[in-house]
1. Tally up the residues in segment 3-33 that are loosely packed, with under 13 Cβ neighbours inside 10 Å and out of contact with any Pro (no Cβ under 9 Å at 6 or more places or on another chain), please.
2. Got a number for residues in segment 61-70 being open to solvent by less than 60 Å² (accessible area, probe 1.4 Å) and over 15 Å from the mean Cα position of the chain (by Cα)?
3. Is at least one residue of segment 72-81 among the charged types (D, E, K, R) and exposed (fewer than 14 other Cβ atoms within 10 Å of the Cβ)?
4. If only one of T75, T2 is of a type in the set (S, T, N, Q) and in a loop (DSSP other than H, G, I, E, B), which one is it?
5. Cβ-Cβ distance below 8 Å, separation of 6 or more or different chains: which pairs start in segment 26-54 with a residue that is touching a residue at least 60 places away in the same chain (Cβ under 8 Å) and part of a helix (DSSP H, G or I) and end on one that is of a type in the set (V, I, T) and open to solvent by less than 80 Å² (accessible area, probe 1.4 Å)?
6. Return the residue satisfying two criteria in turn: it lies in segment 34-55 and is over 15 Å from G88 (Cα atoms) and buried (at least 21 other Cβ atoms within 10 Å of the Cβ), and of such residues it is farthest from the chain's Cα centre (by Cα).
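The values are calculated or read from the model by the stated rules, or taken from the named source; none is laboratory data. This is a predicted model, so every value here is computed, not measured. Note: ideal-geometry Cβ built from the backbone for every residue, glycine included; neighbour counts use all protein chains shown. The protein model used for the area step is the full one, side chains on, heavy atoms only, and it has no ligands, DNA or RNA in it. Shrake-Rupley method; radii C 1.70, N 1.55, O 1.52, S 1.80 Å.
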Amino acid sequence: MTVPFYPWTVWIWAGFDPALIVVALYLGWKADQFGKTFIAAIAAFAIAVLFSWVVTAAGIPWPAPITHDGPTFFTVRAGAALLWAMLGYGARRAVGRRA
């Protein structure tokens, strides 16, 4: 059995899922402690996967679809959710220091 090969663009779209970015940045922004970014990432991951699955099941084109026969790249999505949440947390801290 051969291992399937997916182009790098498929991997990139898993990390740059628009729903994932919006939810993770928002929840990271709302986190008041750094440790809460991990919780924000988990919640953003779950919400984005559910949203992507619903959109794909409805037949609407989506940049990062989730299908039963396609790659889901949950590890890439989870890592990206953590990075986006940390970015939102860092942005909030940076804006707070200026004010």
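1. The qualifying residues number 7.
2. 2
3. To start, the set of residues in segment 72-81 that are among the charged types (D, E, K, R) comprises 77.
If we keep only those that are exposed (fewer than 14 other Cβ atoms within 10 Å of the Cβ) too, we end up with none.
So far as segment 72-81 goes, no, none of its residues is among the charged types (D, E, K, R) and exposed (fewer than 14 other Cβ atoms within 10 Å of the Cβ).
4. Details: T75 fails: in a loop (DSSP other than H, G, I, E, B).
Exactly one residue qualifies, and that residue is T2.
5. G28/T37
6. Taking segment 34-55 first, the residues over 15 Å from G88 (Cα atoms) are 46-55.
From what is left, the residues that are buried (at least 21 other Cβ atoms within 10 Å of the Cβ) are 48, 52.
Numbers: A48: 6, S52: 10 Å.
The qualifying residue farthest from the chain's Cα centre (by Cα) is S52.
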